[in-house]
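Everything on this sheet refers to the single structure shown next.
Derivation of every value follows stated rules applied to the coordinates shown; laboratory data play no part. Predicted, not measured: the structure shown is a model, and the values here were computed from it. Ideal geometry is used to build each Cβ from the backbone, glycine not excepted, and the neighbour counts take in all protein chains shown.
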Ligand code: UDP
Ligand code: MG
């Protein structure tokens, strides 16, 4: 077997603080893997600028001028982590045998990419990076993440536990991924559905090297809600279940109160009345909200809008264009 061409895809959003170090470390690693004859000399690093407002693109572009193994794709505006990652995967697949995706912040131990490639060479098409511990995440993040995995599992979504978007995929797997055309693509849920031969490699997650997390609580909730409603209709079933429950119990209670009235024990019940109105009103509103969530999703999907728009693709150009700004 000749050495496979590896592309390492890195989505970047306002990562000027960490990016020079990320580029440096990944280049060293690439150099080592080439020297160990694990990957082809044509292997590259592909940085996707997800519409950053800081110097991120300038750093990527300048690096691409200096180093032939550094490439960049610039999205026209911020499309979000998942979409930026997809843009990178699809751009990379044209000239790669396998593709590793990793965050820009150096939280994931890059040295296990060596393990990823070895597994790929053993015939695995998907290799998941799985965190051993989450000591370095905040108490809050750790617990919300735990809760997220549990909820997803309870709702029947298969996820690889403690796996974020750090993984290797074969070119074939990425090509199949392209056939999942939903606009709201939740990669962690979709990749296991590809079903190719897969395995996991374990590692310890570190602190963010520099910069701040781009996933504040608001985005985390949106991400979790998106993940759940994209994959599972259990919440809607739950609504019908509650509906039936309250319907039958109201019949039972009604019968009971009627019985009391007929036997002369009249219930002067304002409390029970108001409680049940509020209870049912609340349930109805929650239900509407939930159904709205799904309808909103359908609405978004039917529009078939592009998931991201590429401004510049230095990966699939033979050379950088001469008229690009410094
Ligand atoms: N990211 C992105 N677009 C966004 C938000 C984040 O490309 O809109 C990138 C970010 O630069 C990083 C990765 O996605 O490389 C993961 O983000 P972050 O490290 O902030 O998330 P966390 O590790 O805190 O969950
Ligand atoms: Mg991070």
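For the chain, the share of alpha carbon pairs falling in successive 10 Å distance bins from zero is 5, 22, 29, 19, 9, 6, 5, 3, 1, 0 percent. Pair-distance distribution P(r) for the range 1-144, from all Cα-Cα distances in 5 Å bins starting at 0: 2, 10, 19, 22, 20, 14, 9, 3, 1, 0 percent.
Counting only alpha carbon atoms, the long axis of helix 81-92 and the longest principal axis of the chain meet at about 40°.
Sorting 309, 239 from the fewest to the most surrounding beta carbons within 10 angstrom yields 309, 239.
Can you put 238, 231 in order of Cβ neighbours within 10 angstrom, beginning with the fewest?
Details: 238 14, 231 19.
In order of increasing Cβ crowding within 10 Å: 238, 231.
Output the peptides 75-81, 221-227, 163-169, 273-279 sorted from most to least packed, where packing is the average of other Cβ atoms within 10 Å over each peptide's residues.
On the way: 75-81: 17.9, 221-227: 15.4, 163-169: 23.0, 273-279: 11.0.
Output ranking for 75-81, 221-227, 163-169, 273-279: 163-169, 75-81, 221-227, 273-279.
Each listed q (0.11, 0.21 Å⁻¹) maps to a log10 I(q)/I(0) for the range 159-234, found by the Debye formula over equal Cα scatterers with no solvent: -0.37, -1.18. From the alpha carbon centroid of the range 17-78 to that of the range 122-196 is 24 Å. From least to most packed, judged by other beta carbons within 10 angstrom and beginning with the fewest, 50, 69, 105, 311 follow the order 311, 69, 105, 50. Rounded to the nearest 5, the antiparallel percentage of DSSP beta bridges internal to the chain is 35%.
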